Amino acid sequence: MKYDKLTLSQHTTIETYRDHNGRAYVAYSSGASVFIRDVAELRRFLKISKGLPMRERLDEWLADLQEKDAAKPQG
């Protein structure tokens, strides 16, 4: 299992991997961490406003992951 990691700030990081159930995210933000499978729920947890450079980096990273998932069938 290969992990991908995105560091948005000193206090905000996201790790992700794929397993037989699909993509999973472990997000760390301001002393709290969560295990999430839904991208919308991940964005709600991080509470990063649209238009900020940090949000743009997050959206680009998630789009890249989605492209990788589409190119490589699960199994």
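Taking every residue in the stretch 8-20 that is free of Cβ contacts under 8 Å to residues at least 24 places away in the same chain and pairing it with any residue that is β-branched (Val, Ile, Thr) and surrounded by fewer than 17 Cβ atoms within 10 Å (Cβ to Cβ), at least 6 positions away or on another chain, the pairs with Cβ-Cβ distances below 7 Å are 13/7; 15/26.
Among the residues of the stretch 40-75, those identified as loosely packed, with under 13 Cβ neighbours inside 10 Å and assigned to a loop (DSSP other than H, G, I, E, B) are 47, 49, 50, 51, 52, 72, 73, 74, 75. Only one of the numbered conditions (1) under 19 Å from residue 2 (Cα atoms); (2) out of contact with any strand residue (DSSP E or B) (no Cβ under 6 Å at 6 or more places or on another chain); (3) surrounded by fewer than 16 Cβ atoms within 10 Å (Cβ to Cβ) is not met by residue 18, and that is (3).
Could you please find all residues in the stretch 3-39 being closer than 15 Å to residue 64 by Cα and in a loop (DSSP other than H, G, I, E, B)? Passing the criteria: only 3.
Anything in the stretch 21-39 that is loosely packed, with under 11 Cβ neighbours inside 10 Å and among the hydroxyl-bearing types (Ser, Thr, Tyr)? List them, or say none. Matches in the stretch 21-39: 30 only.
Bear in mind that the values in this text are calculations on the coordinates, not laboratory data. These numbers were taken from a predicted model, which means no experiment stands behind them. Reconstructed Cβ throughout: ideal geometry from the backbone, glycine too, with neighbour counts over all protein chains shown.
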